[in-house]
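Novice: Have a look at this one before I ask anything.
Read-outs throughout are calculated quantities, based only on the coordinates presented, and are distinct from any laboratory measurement. Note that the structure is a prediction, hence the values are computed from the model and not measured. Here the Cβ positions follow ideal geometry from the backbone for every residue, glycine too, while neighbour counts run over all protein chains shown.
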Amino acid sequence: MIETATAVTTRQRFDKMDTVALFSVNPGVPVEDALERAADLMLYVESISAADAFPNKATEAAIIQTLSQMAHALLKSTRPAANQEPRKATS
């Protein structure tokens, strides 16, 4: 019997200082959830960019950069999951 496995994320580190990653995407999150969050983050980027809400453009750019890095890490964490084999159920 073959059980359909839900594709999940793999660990993806980002926002490195020197050689140490400060943040990472956790492994084991369903890909669908990760992609939904990545889309949300990019909507935030779009909204911030369109609103021109920050008088300090350096702060605005840093926020946009960080949100974009987060979304990119989420996307990268889903790539290997697309190639995962279905798991065989154990009886």
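Novice: Residue-wise, which Karplus ³J(HN,Hα) couplings in Hz belong to the stretch 53-67, taking 6.51 cos²θ - 1.76 cosθ + 1.60, θ = phi - 60°, and x for glycine or proline?
Specialist: In residue order, the calculated couplings are 8, 9, x, 8, 5, 5, 5, 4, 5, 5, 5, 4, 4, 5, 4 Hz.
Novice: Report the FRET efficiency, 1/(1 + (r/R0)^6), for ILE48 and ASP15, where r is their Cβ-Cβ distance and R0 is 22 Å, rounded to 0.05.
Specialist: For R0 = 22 Å, the calculated efficiency reads 0.75.
Novice: Normalised by the residues of the stretch 12-82, what does the relative contact order come to in percent, with Cα pairs under 8 Å and at least six apart?
Specialist: Value for the stretch 12-82: 43 percent.
Novice: Then there is this: With charges only on Cβ, +1 for K and R and -1 for D and E, what is the dipole size of the stretch 12-82 about its Cα centre, in debye, rounded to 20? Could the numbers behind the result be given before it?
Specialist: Details: 6 positive and 9 negative charges, 60 e Å.
Computed charge dipole of the stretch 12-82: roughly 300 debye.
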